[in-house]
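Throughout, read-outs are computed from the coordinates displayed, never taken from laboratory work. Bear in mind the structure is a predicted one, so any value in this text is a computation, not a measurement. Cβ placement follows ideal geometry from the backbone for every residue including glycine, while neighbour counts extend to all protein chains displayed.
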């Protein structure tokens with residue numbers, strides 16, 4: 001008896017499993033034939049419940065009449081309960097009625113007739129029917145609940161899988177493919193994604209043919225309008241399509257259209273809610289991606305800053321120390337009488353000094369460039385005489401300007417300027433160096449300072465190659481170097497960038513003008529001057 | 001200078017730097033002591049009483065500023081700072097803490113020697129000595145309060161003379177803006193650096209051959225002014 005029961009259960013499970021898996025398959029694929037589904041869902045369970053009744057009968061028959069009749073109420077409950085738990089109320093009811101009929105026919109006298117002699121036995125059979133119907137009802141309800149739970153669990157499982165995939169998304173395109181995969185495979189629904197373009201429009205990512213009504217709706221959507229939530233019906237197929245925006249807090253990333261098929265209002269509502277829950281999850285992920293990107297940017301920024309600081313520290317210490325030793329040693333050698341007497345050795349010592357000075361200038365350039373941090377330069381403002389600044393710049397670039405004539409001219413009564421004189425001196429120095437670089441040896445570089453409408457203008461004019469309008473536009477970019485000079489004149493392209501950054505940090509402006517190629521260049525620095533005239537100050541200062 | 005041989009103490013952790021400093025100073029007739037850290041340096045300063053200390057700011061055991069402060073708590077010995085920091089605020093802070101002058105690495109030996117000698121001259125100056133300071137074509141009689149340029153006496157206003165007087169008593173050495181402002185405008189104008197700039201401009205008109213290109217009264221950008229002891233050649237060291 002036990003073995004029979006086990007076999008029966010296994011068989012039922014196997015059958016139920018196959019039906020279950022087909023059911024799942026059916027829910028995945030809308031295209032499955034309706035008649036086939038009806039056969040699987042409705043007819044087969046009825047037949048199987050009858051088979052179950054038949055199997056119990058086959059077991060009872062050899063036992064002989066009185067024993068079998070006694071076992072009837074218990075034995076026939078088995079196929080009824082199995083049918084109820086596996087296939088629901090209708091196969092169970094059918095099994096109950098079939099069991100009643102078969103038992104009456106085969107095991108209650110008169111045998112092989114549906115009549116029953118003994119009134120007790122009539123009561124027994126009726127009782128059996130009532131018990132089996134009630135228990136099949138209960139069991140089938142239990143089955144339904146289990147089914148619902150399982151279904152929910154599966155949904156939750158899928159959603160969980162989906163959010164896990166979302167958590168692993170590092171780019172927007174990862175995210176889009178996750179949404180598409182999830183919606184298409186897990187929900188069995190057709191999904192189309194439209195990416196937001198710069199023009200405020202949406203563009204389909206793949207050229208799938210979508211219903212006209214969806215395409216028109218997408219075309220009518222403008223990114224600027226908030227939270228598009230539309231549903232529409234594709235007339236030819238009667239499918240309902242939903243259209244929603246995919247967005248994070250700050251940006252709209254695109255539109256997603258999903259086909260949720262046909263069905264009753266409840267089914268459509270349910271699917272809509274589910275779809276919206278998924279989009280909610282997506283928008284959370286997008287937010288996370290936004291935050292991550294911002295953090296990544298901040299991290300890079302910080303690293304750059306640290307690198308710059310390290311570079312600055314290394315340059316100013318590790319490079320300056322050997323440089324000091326070389327320069328200092330050369331200067332000591334230079335002052336030794338024995339070396340001064342020998343022209344050859346003396347020229348070698350001078351060569352060392354000159355090269356060190358060049359190296360020093362390059363390092364100073366790099367140090368200046370690292371001083372320009374992302375937040376700009378922080379100048380230490382102090383009232384200064386523009387003449388002092390210009391003179392210091394000319395003096396410090398003395399070696400670089402040695403091949404040129406430098407003519408300085410200062411207007412009388414120049415106002416003082418409130419600047420970081422170190423930075424402005426460096427800016428002037430860079431411009432002087434450029435003037436020397438891009439003009440022939442022996443030509444004149446004129447430096448002048450004059451007052452103009454409460455501003456002090458320092459101009460540096462050379463007689464060199466000039467500048468084309470095209471080059472003028474590109475000036476000021478870090479590391480810009482004109483194609484014309486790249487092969488012939490060495491340089492890093494940092495000079496003008498440093499100069500303009502330093503001048504701007506002091507509230508000034510820098511202007512480059514040229515009458516054209518080969519006509520020389522004038523670089524002018526305009527700095528805010530003191531509102532007090534120098535003559536007024538003189539009276540106050542010396543009273 | 002005024003002794004047979006001045007003793008200079010070099011406090012620097014870099015042997016390469018000490019080597020050329022030693023050579024440079026010995027060539028100029030100094031006797032040289034060396035210390036490679038602050039601890040040794042302070043001991044040497046106490047027991048060997050040098051006439052001049054060359055102090056590097058970045059020492060392994062103690063920051064140079066700290067060494068300077070400890071030295072200044074008991075000694076007036078001239079101190080010249082070697083620094084890689086070309087930051088004006090730091091220079092001013094060091095000068096206020098009692099340094100006589102500074103040179104920024106990399107520097108030439110001539111520059112350091114000029115500063116050193118100026119500091120020694122000021123340190124050893126006594127009242128009995130000639131009270132006339134000569135700076136190139138300029139001579140300032142600190143007692144007679146007269147100024148002459150190429151032997152022609154020139155007239156200065158009270159404040160112009162005051163400025164020149166302070167610079168002349170520190171001839172060859174830098175004097176900070178703060179110190180000048182404090183000594184010239186002791187009252188409420190002492191923060192007004194614009195006045196100082198203009199006063200310097202006026203003084204230059206009177207003492208410089210070309211006031212637009214001053215060679216005597218030179219500007220130390222962001223720090224102060226310096227009266228050069230002698231006219232520099234136009235090519236800088």
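For segment B:7-124, dividing the convex hull volume of the Cα atoms by the residue count gives 91 Å³ per residue. Taking the fewest neighbouring Cβ atoms within 10 Å as the starting point, the ordered list for B:36, A:296 is A:296, B:36. Across peptide B:20-29, the average count of Cβ atoms from other chains found within 10 Å of a residue's Cβ is 4. Kirkwood hydrodynamic radius computed over segment B:73-137 comes to 13.4 Å, based on all pairs of distinct alpha carbons.
If I take R0 = 60 Å and measure r between the Cβ atoms of residue A:36 and residue A:297 in this structure, what FRET efficiency does the formula 1/(1 + (r/R0)^6) give, to the nearest 0.05? Don't jump to the answer; show the numbers that get you there.
Values: r = 56 Å, r/R0 = 0.94.
After rounding, the FRET efficiency stands at 0.60.
Counting neighbouring Cβ atoms within 10 Å and putting the fewest first, the residues A:60, A:423 line up as A:60, A:423.
Take the eigenvalues of the Cα gyration tensor for segment A:364-420, scale each by 5, and report the square roots as semi-axes in whole Å, largest first. The partial results should precede the final answer.
Details: eigenvalues 118, 82, 9 Å².
For segment A:364-420, the semi-axes come out at 24, 20, 7 Å.
When A:311, A:496 are sorted by how many other C-beta atoms sit within 10 angstrom of their C-beta, beginning with the fewest, the order is A:311, A:496.
Per residue of A:389-399, how many C-beta atoms from partner chains lie within 10 Å of its own C-beta, taken as a mean?
Details: counts 2, 2, 6, 4, 1, 1, 6, 2, 0, 3, 2.
Across the residues of A:389-399, the mean count of other-chain Cβ atoms within 10 Å is 3.
Evaluate segment B:132-227: find the radius of gyration of its Cα atoms, find its Kirkwood radius, and give the ratio Rg to Rh. Checking Rg against Rh, the ratio lands at 0.93.
Per-residue ellipticity at 222 nm from helix content only, as computed over the protein assembly as shown with -39500 (n - 2.57) for each DSSP H run of at least four residues, stands at -17000 deg cm²/dmol. A compact globular protein would have a Cα radius of gyration near 2.2 N^0.38 Å; the ratio found for segment A:210-329 is 2.04.
For chain B, the longest principal axis of the C-alpha atoms and the axis of helix B:193-207 are separated by about 70°.
Could you grab the Rg to Rh ratio for segment A:57-185? Cα atoms only, Kirkwood for Rh. Provide the component values of the computation, followed by the final result.
Numbers: Rg = 24.8 Å, Rh = 17.9 Å.
Across segment A:57-185, the Cα-based Rg/Rh ratio is 1.39.
With Cα atoms as the point set, segment A:105-171 shows a radius of gyration and Dmax of 25.4, 81 Å.
For chain B, take N as its residue count and report Rg(C-alpha) divided by 2.2 N^0.38 Å. Working shown, then result.
Details: Rg = 18.2 Å, N = 237, 2.2 N^0.38 = 17.6 Å.
Normalised by 2.2 N^0.38 Å, the Cα Rg of chain B equals 1.04.
Available extension along the chain between residue A:305 and residue A:340 is 7.9 nm, counting 0.36 nm per residue and deducting the alpha carbon span.
Counting every pair of alpha carbons in the protein assembly as shown, the share spaced more than 39 Å apart comes to 62 percent.
What's the average, rounded to a whole number, of partner chain beta-carbon atoms within 10 Å of each residue's beta-carbon in A:349-362?
Numbers: counts 0, 0, 0, 0, 2, 0, 0, 2, 3, 0, 1, 2, 0, 0.
Per-residue shielding by partner chains comes out at 1.
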